[in-house]
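Student: Pasting a structure here, questions to come.
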Amino acid sequence: MAETGPETLRRSPLAPLEERMREAAVTGARGVTLTELPFLTMVNLRVDPSSETAGRIETALGAPLPRRCGDTAASGPRTILWLGPDEWLVLSPPEEAAASREPEAVALRDALGSDPGSVVDVSANRTTLELSGPSARQVLEKGCPLDLHPRAFGPGRAMSTTVGPVAVLLWQVDDAPTYRLLPRSSFADYLARWLVDAMSEFSRPEVP
Amino acid sequence: MLLITCPWCGPRDETEYHYGGQAHVPHPETPAALSDEQWAAYVFYRDNPKGPFAERWMHGTGCRRWFNVLRDTATHEVLTTYRLDEPRPGGTR
């Protein structure tokens with residue numbers, strides 16, 4: 001889009017590791033890949049879920065707010081992730097890709113009005129890592145205390161947890177399986193290196 | 001490692017939580033009227049029972065909410081967890 005806007009100056013937290021992550025990709029039956037999805041729009045939303053305001057927000061979002069831990073709701077390009085009993089994270093594609101659209105936070109702030117609650121654009125707070133492939137679950141299981149077996153965790157589930165020592169919001173997107181990990185930007189570099197290291201064994205034959 | 005059941009997120013490892021000390025310690029209604037001894041008792045003096053103890057915990061890497069845990073200090077068994085707006089199960093405090 002704009003050649004001179006602030007978008008041309010920004011750098012994603014994992015831009016320096018792009019090459020390393022690409023080289024770490026494993027193909028085949030034990031394949032797993034790691035990529036960054038930079039600059040996703042993230043809006044932190046807090047509102048009492050039993051209030052009238054929550055109803056207005058749900059209309060603006062086009063989907064009901066998930067009410068239980070791990071639940072997500074999708075509405076067009078947006079996904080709403082549960083963060084707490086009165087807190088959600090609204091994810092949508094990078095803003096400049098949809099410049100014709102009203103910024104996400106503005107629409108939600110209008111719906112909130114002057115009622116108790118908050119709508120804050122926190123896009124720079126976290127970055128998004130996508131870990132995908134048949135071995136993705138095994139990579140995460142090296143350092144994630146959650147039960148990621150399909151009987152307990154599946155597509156459309158998102159939970160706050162830790163991977164290694166890093167706190168992340170872990171969201172499973174599909175059955176590949178593909179996971180999206182949302183760490184704080186300042187922890188992203190460490191987490192990406194941790195994942196690249198955890199992925200390295202899958203490029204060699206399985207040790208019985 | 002303790003396995004603590006967050007009232008909102010379900011069972012998670014102890015490493016996801018922060019400890020917040022004894023629960024059900026009410027803030028004095030008129031702090032200015034307290035003597036130094038009474039203030040010190042409110043700020044520093046806590047129960048130290050052998051057995052069930054109600055304490056506050058916060059789910060730091062999860063929903064980031066405070067809640068109460070009833071834990072046996074002798075066996076480390078987590079007896080129950082409950083929200084801040086719920087009374088202590090089994091009465092007392």
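Student: When A:SER92 is evaluated against the numbered criteria (1) within 14 Å of another protein chain (Cβ to nearest Cβ); (2) under 18 Å from the mean Cα position of the chain (by Cα); (3) not basic (Lys, Arg), which criterion, by number, is the only one it fails?
Tutor: Evaluating A:SER92 over (1) within 14 Å of another protein chain (Cβ to nearest Cβ); (2) under 18 Å from the mean Cα position of the chain (by Cα); (3) not basic (Lys, Arg) leaves (1) as the failure.
Student: Check A:GLY117, A:GLY154 and return the single one that is small (Gly, Ala, Ser) and touching a Ser or Thr at 6+ places or on another chain (Cβ under 9 Å). Spell out the reasoning first.
Tutor: Values: A:GLY154 fails: touching a Ser or Thr at 6+ places or on another chain (Cβ under 9 Å).
Testing whether each residue is small (Gly, Ala, Ser) and touching a Ser or Thr at 6+ places or on another chain (Cβ under 9 Å) leaves just A:GLY117.
Student: Among A:LEU182, A:LEU129, which is the only one that is within 14 Å of chain B (Cβ to nearest Cβ) and within 29 Å of A:ARG10 (Cβ to Cβ)?
Tutor: From the options A:LEU182, A:LEU129, the qualifying one is A:LEU182.
Student: Pairs, please: C-beta under 6 Å, at least 6 apart or cross-chain, first residue under 23 Å from A:PRO116 (Cβ atoms) and in the same structural domain as A:SER114 (by TED's automatic domain parsing) and in segment A:53-75, second among the aromatic types (Phe, Trp, Tyr) and exposed (fewer than 15 other Cβ atoms within 10 Å of the Cβ)?
Tutor: Matching pairs, first to second residue: none at all.
Student: Still on this structure, I have one more. Out of B:TRP8, B:TRP39, I need the residue that is within 14 Å of chain A (Cβ to nearest Cβ) and either in contact (Cβ under 8 Å) with a residue 24 or more places away in the chain or outside any strand (DSSP E or B) (or both). Which one? Step through it out loud before you land on a result.
Tutor: Working: B:TRP39 fails: within 14 Å of chain A (Cβ to nearest Cβ).
Answer to the check: B:TRP8.
Student: Hey, does segment A:155-167 have a residue that's under 17 Å from B:THR61 (Cβ atoms), surrounded by fewer than 16 Cβ atoms within 10 Å (Cβ to Cβ) and within 12 Å of chain B (Cβ to nearest Cβ)?
Tutor: Checked segment A:155-167: at least one residue is under 17 Å from B:THR61 (Cβ atoms), surrounded by fewer than 16 Cβ atoms within 10 Å (Cβ to Cβ) and within 12 Å of chain B (Cβ to nearest Cβ).
Student: State all residues of segment A:51-91 that are in contact with a Gly (Cβ under 7 Å, 6 or more places away or on another chain) and surrounded by 15 or more Cβ atoms within 10 Å (Cβ to Cβ); if no residue qualifies, say none.
Tutor: A:THR53, A:CYS69, A:THR72, A:SER75, A:TRP82
Student: Of the conditions (1) surrounded by 15 or more Cβ atoms within 10 Å (Cβ to Cβ); (2) more than 14 Å from every other protein chain (Cβ to nearest Cβ); (3) in contact (Cβ under 8 Å) with a residue 12 or more places away in the chain, A:GLY113 fails just one. Which one is it?
Tutor: Going through (1) surrounded by 15 or more Cβ atoms within 10 Å (Cβ to Cβ); (2) more than 14 Å from every other protein chain (Cβ to nearest Cβ); (3) in contact (Cβ under 8 Å) with a residue 12 or more places away in the chain one by one, A:GLY113 breaks only (1).
Student: State which residue is farthest from the other protein chains (Cβ to nearest Cβ) when the search covers only segment B:11-36 and only residues that are over 20 Å from B:PRO89 (Cβ atoms) and polar (S, T, N, Q).
Tutor: B:SER35
Student: Could you tell me which of the residues B:ARG71, B:ARG46 is part of a strand (DSSP E or B) and either under 13 Å from the mean Cα position of the chain (by Cα) or within 12 Å of another protein chain (Cβ to nearest Cβ) (or both)? Full working, then the answer.
Tutor: Details: B:ARG46 fails: part of a strand (DSSP E or B).
Answer to the check: B:ARG71.
Student: Find the residue count for segment A:151-186, including only residues that are more than 20 Å from A:ASN44 (Cβ to Cβ) and aliphatic (A, V, I, L, M).
Tutor: Going through segment A:151-186 one residue at a time, the tally reaches 4.
Student: So, one more: Looking at segment B:53-74, which of its residues are at negative phi and surrounded by fewer than 18 Cβ atoms within 10 Å (Cβ to Cβ)?
Tutor: B:GLU55, B:ARG56, B:MET58, B:GLY60, B:TRP66, B:ASP72, B:THR73, B:ALA74
Student: Of these, A:MET199, A:MET159, which one is over 18 Å from the mean Cα position of the chain (by Cα) and outside any loop (DSSP other than H, G, I, E, B)?
Tutor: The conditions single out A:MET199.
The values are calculated or read from the model by the stated rules, or taken from the named source; none is laboratory data. Please read all numbers here as calculations on a predicted model, not as lab measurements. Here Cβ is always computed from backbone atoms with ideal geometry, including for glycine, and neighbour counts include all displayed protein chains.
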